[in-house]
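Enquirer: Below you'll find the structure I mean.
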Amino acid sequence: MGGNSPCASCKLLRRRCTKDCIFAPFFPSDEPHKFAMVHKVFGASNVSKMLQELPLHQREDAVSSLVYEANARMRDPVYGCVGAISYLQNQVSQLQMQLAVAQAEILCIQMQQEPALPEPQMDADDKSFVVHNELSSMAQFMNHPSTSNVPQEALKREYPWT
């Protein structure tokens, strides 16, 4: 900064703020907590090296990311912002599941409210075809080896049409 008030970095590190201070544009003196977090997590020397390696137009975004990650690391020292991302992804999954359940419930309610479709009308020929198919299926069942121990007379008493 070089002016009246040193930047937050120089204030915290208790050094004189020069006009070419790499921290001054990103850590103003009225936001000392930002630099304090970044310094505690990454160290002032490491942050200085990172910023010097970046082109000028990318430094502001880098500082913003460093501040965000430092804040996340203060809350969750093990996972940092990855923990927050994982938490949010799990929350999205749970909400998607709840949405699917709610949509299924809505569909069930809609289906219950729709009038039932009328049964198709069958003429006598159709009915005799259905009865004949049922009888032949039953005859196959009665002749199946698993039912051979059932007395045939008992089956004929129960089902005289066979």
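No value in this document is a laboratory result; all are computed from the given coordinates. Remember, predicted model here, so these are calculated numbers, not experimental data. As a convention, Cβ positions derive from the backbone with ideal geometry for all residues, glycine included, and neighbour counts pool all protein chains shown.
Enquirer: Taking the Kirkwood radius as the inverse of the mean 1/r across Cα pairs, report the Rg/Rh of the stretch 25-68.
Expert: Ratio of gyration radius to Kirkwood radius: 0.93.
Enquirer: Also, I was wondering about something else. Counting only residues 5 or more places away or on other chains, whose amide H sits under 5 Å from the amide H of S29 once H atoms are built in the peptide plane?
Expert: When sequence neighbours closer than 5 places are left aside, the close amide H contacts are A8.
Enquirer: On to the next question. Give the peptides 61-72, 31-42, 81-92, 13-24 in descending order of average Cβ contacts within 10 Å, highest first.
Expert: Those peptides, ordered most packed to least, come out 31-42, 61-72, 13-24, 81-92.
Enquirer: Excluding L88 itself, calculate the net charge of residues whose Cβ lies under 15 Å from the Cβ of L88, where each Lys or Arg counts +1 and each Asp or Glu counts -1.
Expert: Its environment carries a net charge of 0.
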